[in-house]
Amino acid sequence: MSGITPISGNRSIPVIGPLPPGVKPPSTPQQEALYDACKQFEGVFVKQLVSGWMKSARGDDAPEGAQGIYQDMADDTMTSSLVDGGTFGLAGTMYGQLSSLLQAAAPPAATPPPAGGAIAAGDAASTPDGGTEA
């Protein structure tokens, strides 16, 4: 049996959790940044939930010293597991909504002018005196 070795190198593809039906995974750097921001928001939200759950389960006594640090680490681990596993799905839902809003707000792509300009396309150009050139 071989030993476990650390993973080296950078991950080029971010971990994408479950997305709602019809939502395409991020494919551009801007979409990946949006998904990452949604995932970070979900992490903050879930951390608040987990902290509240664990505080009520442990009682109102605030732990001190090493016990408090250990409990915070346990809360962080539970939060990471819930967010990375896609248990809540908040990041995917937010990403789907925000990406569709960004696409709707994006200016339409400008169409290039016809090759050779307006004259080559058969249109007459007007002159400063109001006449037309052929």
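The values are calculated or read from the model by the stated rules, or taken from the named source; none is laboratory data. On a predicted model such as this, the values are computed, not experimentally measured, just so you know. When we count neighbours, we look across all protein chains shown, and the Cβ atoms used for this are built from the backbone with ideal geometry, even at glycine. Surface accessibility is based on the protein's heavy atoms, side chains included, excluding ligands, DNA and RNA. Shrake-Rupley method; radii C 1.70, N 1.55, O 1.52, S 1.80 Å.
Go through region 37-52 and give me each residue that's open to solvent by less than 50 Å² (accessible area, probe 1.4 Å) and of a type in the set (V, I, T). Within region 37-52, V46, V50 meet the criteria. Any residue in region 53-62 that is in a loop (DSSP other than H, G, I, E, B), at pLDDT 80 or above and surrounded by 11 or more Cβ atoms within 10 Å (Cβ to Cβ)? The answer is no, given that none of the residues of region 53-62 is in a loop (DSSP other than H, G, I, E, B), at pLDDT 80 or above and surrounded by 11 or more Cβ atoms within 10 Å (Cβ to Cβ).
Inside region 70-110, residues that are open to solvent by less than 70 Å² (accessible area, probe 1.4 Å), part of a helix (DSSP H, G or I), over 27 Å from S51 (Cβ atoms) and without any contact (Cβ under 8 Å) to a residue 24 or more places away in the chain make up a count of 1.
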